[in-house]
Amino acid sequence: MNNKKILNTEAQSLSNASRIKYFDLVIESGKGSTLTDINGKKYIDLLASASATNTGHSHPHVVEAITHQAQKIVQYTPAYFANEPAAKLSNRLTQLAPMDGPVKLAWGNSGSDANDALIKFARGYTGRPNVVSFTGAYHGSTYGSMSASAVSLNMSRKMGPLMDGFYKVPFPSPWYQRSYETKDQFIERMFDEFKLPFETYLPADEVAVILVEPIQGDGGIAKAPTKYLEKVYQFAHKHGILFAVDEVNQGMGRTGKWWSIQNFPGIKPDLMSVGKSLASGMPLSAVIGKQKIMDSLSAPANVYTTAGNPVTTAASLATLDVIEDEHLLQRSYDLGLKAKAFFDKMQQKYDFVGDVRMYGLDGGIDIINPENKKADSDIATKIIYRMFELGVVMITVRGNILRFQPPLVITNAELKQAFDVIKQAMQDEANGKIAFNAKIGWSAD
Ligand SMILES: Cc1ncc(COP(=O)(O)O)c(C=O)c1O
């Protein structure tokens with residue numbers, strides 16, 4: 001069976017809600033940064049399973065840990081009895097958390113339920129009902145995490161009402177800075193907009209938590225200005241509001257640090273959610289927080305039958321080993337500099353390449369209309385489609401932003417090969433040689 005045949009078979013039974021359509025690709029296997037499809041064609045992966053396989057596909061140490069643990073016992077619910085990998089991992093993770101004082105955690109199966117848990121603990125500890133999050137945020141697909149999200153109309157359309165007590169403030173994405181504004185003026189204006197709800201209809205002493213992706217992922221790989229986030233952080237503390245970060249997409253070394261919040265010196269969150277690459281893509285997540293917050297609820301306020309399962313936690317222990325032993329934080333940082341230099345060169349060469357943002361191996365490259373400089377999803381789509389034809393997997397976010405998130409183990413040779421393909425695709429676009437014009441990805445609908 002080839003890619004199309006399998007997709008056709010699946011289409012008879014898979015809901016449209018479950019896949020964001022990009023390419024006709026059925027993945028058969030993966031090793032490091034290379035994927036092989038069902039027809040045997042190889043691709044360099046610049047998506048890392050949506051930043052869920054930072055250690056690369058099927059890393060031997062992770063596979064060995066999974067296999068070894070599966071032979072002992074696959075599952076016994078941590079809701080009732082402990083297992084050794086989860087116990088070890090809880091100690092390791094709480095030590096890694098960028099927080100002061102004693103820290104505890106609770107397990108989940110996905111980034112979405114980790115964010116739900118984060119909201120439960122924040123409400124439980126503060127006794128306050130409301131949650132403030134940001135436009136452009138993707139926090140997940142459960143009702144709680146979806147209620148905190150604001151990045152796609154399809155995440156609320158026809159499913160409301162979403163949960164009560166959720167308020168959105170604008171995320172200071174760089175494209176919102178006006179041409180006549182200095183960076184400081186932009187930050188002031190965005191912070192004024194942040195404060196507006198609190199000054200008009202949302203009493204700060206009724207807000208439990210401010211939840212933010214310090215670097216938004218699906219929102220465009222966009223970093224909040226440091227000064228802006230410091231102001232929000234100080235505001236939170238002044239009003240007894242917990243400050244929480246979503247590290248599901250941007251954590252685990254993605255930005256060249258363990259956690260993306262460590263790109264903001266001096267900010268220490270009260271709570272954080274982690275998932276995706278935590279167990280190299282095995283279904284494991286956690287909410288991590290200050291002990292007094294995490295002790296504010298009692299069982300079974302946040303238990304799941306399979307969360308903290310021995311196989312996933314063994315995979316996570318191995319994942320932490322790989323990140324440390326292979327110096328992947330440094331590697332992410334170093335290769336990120338190379339990637340920035342490459343995309344900056346593309347920006348000089350092609351007038352459809354706009355702003356280039358890169359934080360470790362974590363990039364957002366805006367594709368714009370050369371005439372009016374506005375976001376151009378059609379050009380972005382053509383570029384990724386051509387790259388796909390040439391053997392490189394990359395997707396877009398927000399329609400027009402190239403999402404650059406390869407596994408952190410990508411080799412120099414693979415990176416060079418990927419750059420050659422990107423160059424070729426951009427040149428083909430400049431020459432008007434790409435015929436593709438279907439609507440795919442986040443721009444669809
Ligand atoms: C920042 C962020 N938070 C939460 C989630 C939800 O994670 P999951 O899909 O594992 O539920 C995602 C997924 O893309 C994410 O990017």
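Within 15 Å, Cβ to Cβ, of Pro85, how many net charges do the neighbouring residues add up to if Lys/Arg are +1 and Asp/Glu are -1?
Residues close to Pro85 contribute a combined charge of 0.
Can you tally the net charge around Gly253? Count Lys and Arg as +1, Asp and Glu as -1, for every other residue whose Cβ sits under 15 Å from the Cβ of Gly253. List each step's numbers first, then the result.
Working: positive: Arg92, Arg254, Lys257, Lys276, Arg331; negative: Glu247, Asp321, Glu324, Asp325, Glu326, Asp334, Asp362.
It works out to a net charge of -2.
Collect residues whose amide H, placed 1.01 Å from N in the peptide plane, falls under 5 Å from the amide H of Val103; neighbours closer than 5 in sequence don't count.
Amide H neighbours of Val103, under 5 Å, 5+ apart: Gln291.
Do the alpha carbons of any pairs in Lys120/Lys439; Lys223/Lys373; Lys183/Lys416; Lys349/Lys416 sit beyond 29 Å of each other, and which pairs?
Details: Lys120/Lys439 38 Å; Lys223/Lys373 21 Å; Lys183/Lys416 34 Å; Lys349/Lys416 18 Å.
Those over the limit are Lys120/Lys439; Lys183/Lys416.
Points 7 angstrom from Cα along the Cβ direction at Leu162 and Lys227: gap in nanometres?
About 3.1 nm, to one decimal.
From the Cα gyration tensor of the chain, with a ≥ b ≥ c the square roots of its eigenvalues, which class applies: rounded if a/c is under 1.5, or else prolate if a/b is larger than b/c, or else oblate? Present the calculation step by step, with values, prior to reporting the outcome.
On the way: a/c = 1.61, a/b = 1.15, b/c = 1.41.
Here the chain falls in the oblate category.
Could you work out how much longer the chain between Lys195 and Ala17 gets when fully extended? Use 0.36 nm per residue separation minus the Cα distance between them, nm to one decimal.
Between Lys195 and Ala17, full extension yields 60.6 nm more.
If I build a Gaussian network model for the chain, linking alpha-carbon pairs within less than 10 angstrom, which residue out of Met252, Met190, Met394 has the largest mean-square fluctuation?
Met190
If the cut-off is 15 Å between C-alpha atoms, which aspartates and glutamates fall inside it for Lys31, apart from same-chain ones fewer than 8 positions away?
Output for Lys31: Asp45, Glu64, Glu414.
Nearest-5 percent of antiparallel DSSP beta bridges in the chain?
65
At 1.4 Å probe size, with every protein chain present, just tell me what the per residue accessible area of the chain comes to in Å².
43
How far apart, in nm, are the 7 Å Cα→Cβ label points at Gln291 and Ala413?
According to this spin-label approximation, the distance is 5.1 nm.
What lysines sit close enough to Lys72 to cross-link, taking a C-alpha to C-alpha distance under 18 Å and skipping anything fewer than 8 places away on the same chain?
Those lysines meeting the cut-off are Lys88.
Just to confirm a number: summing +1 for Lys and Arg and -1 for Asp and Glu over residues other than Asp366 whose beta-carbon lies under 11 angstrom from that of Asp366, what do you get?
Computed value for this residue: +2.
Order these peptides, 289-295, 301-307, by their mean beta-carbon neighbour count within 10 angstrom, highest first. If you can, show how the numbers build up before the last one.
Numbers: 289-295: 19.3, 301-307: 17.7.
Listed from highest to lowest mean packing, they are 289-295, 301-307.
Nothing charged except the Cβ atoms of Lys and Arg (+1) and of Asp and Glu (-1): what's the magnitude of the dipole of region 62-325 about its Cα centre? Round to the nearest 20 debye. Spell out each step's value before the answer.
Working: 24 positive and 24 negative charges, 25 e Å.
Dipole magnitude for region 62-325 comes out near 120 debye.
Of the accessible area of region 1-122, with the probe set at 1.4 angstrom, what percent is carbon plus sulfur?
55
The values are calculated or read from the model by the stated rules, or taken from the named source; none is laboratory data. Quantities reported herein were computed from a predicted structural model and do not represent experimental measurements. Cβ: placed from backbone, ideal geometry, glycine included. Neighbour counts: every protein chain shown. Keep in mind that these areas ignore ligands, DNA and RNA; they rest on the heavy atoms of the full protein, side chains included. Shrake-Rupley method; radii C 1.70, N 1.55, O 1.52, S 1.80 Å.
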